[in-house]
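Structure, as structure tokens:
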Amino acid sequence: MADESGTYELLGAAGHRIVHQWAVPAKARARAAELVAAHRGTAREVVRNPHRDQEWAQSIVRAPRLLNAVRDLIGPDVAVENTFLVIKWPGRDFEIPWHQDGINDRIELDPARSVAAWLALTDARVDTGCLHIVPGSQRAGYLPYGAEEDTGASRGRALGAHVAEGTRGVPVSVDAGSGLLMDVRLLHRSHSNRGNGVRLGLNIRYVAPGGVQMRDGSSPSLEPISGTGW
Ligand SMILES: O=C(O)CCC(=O)C(=O)O
């Protein structure tokens, strides 16, 4: 519901919520181990939209505890707009700059009809590159952004929000099998993995009908996973 200043607060003033145990931790770790084995040879860092063709991701986006929390926020009709697996290999430079999940050159999500999830498949700690968030930053709305400098990495160039100098976040350390639901305007980032193990996280953008507006003239690619309103 919008407050008197017109701000929409889907997830309360802090703009995020922890989702505890969308998966049993041991099962999340076992899945992570399989993904690490599959991608170690190429040291792949990102897998785009695995929910479209990979069973493990199709199952995670529908994890009952997660999906129920999403329905509580955006209603019974839920589609997946995008997924993004991030693999942070230890000792490798891979920073993701401050950004907001609800906007890029292609889409703008309606914060009242969408929510972002970030799910830990391994334990995510400060040293292994857990998320850092800026609680309450959703209140400033969408910020201008631009592509980061070209590092030559095959993962491509991330989009970074233009944030006030000195913007500091708080780390959110979560166990494998837990994660976060975030307002799609919430600023977040992650540092490189300076720990020992590989860190894996799956980012999901969920939308309700009418929640996505295309900015580039293309059609949205939505995978309905709940409800009859599609
Ligand atoms: O996994 C990470 O470190 C960050 C991922 C993220 O923020 C995103 O994909 O939007």
Could you pull out every one of the strands (runs of 3 or more DSSP E) wholly within region 163-230 that has 2 or more residues that are touching a Ser or Thr at 6+ places or on another chain (Cβ under 8 Å), under 26 Å from Ile87 (Cα atoms) and within 11 Å of the ligand (Cβ to nearest atom)?
199-207
For the structure I just gave you, tell me whether Ala69 is small (Gly, Ala, Ser), farther than 23 Å from Ala158 by Cα and in contact with a strand residue (DSSP E or B) (Cβ under 6 Å, 6 or more places away or on another chain).
yes
Any residue at all in region 162-183 that is touching a strand residue (DSSP E or B) at 6+ places or on another chain (Cβ under 8 Å) and of a type in the set (Lys, Arg)?
no
What is the residue count in region 113-133 for residues that are under 20 Å from Val86 (Cα atoms), surrounded by fewer than 24 Cβ atoms within 10 Å (Cβ to Cβ) and away from the ligand (no atom under 12 Å from the Cβ)?
4
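Quick note: the coordinates plus some simple rules give every number you see, no bench work behind them. All of these numbers come straight from a predicted model, not from anything done at the bench. Here Cβ is always computed from backbone atoms with ideal geometry, including for glycine, and neighbour counts include all displayed protein chains.
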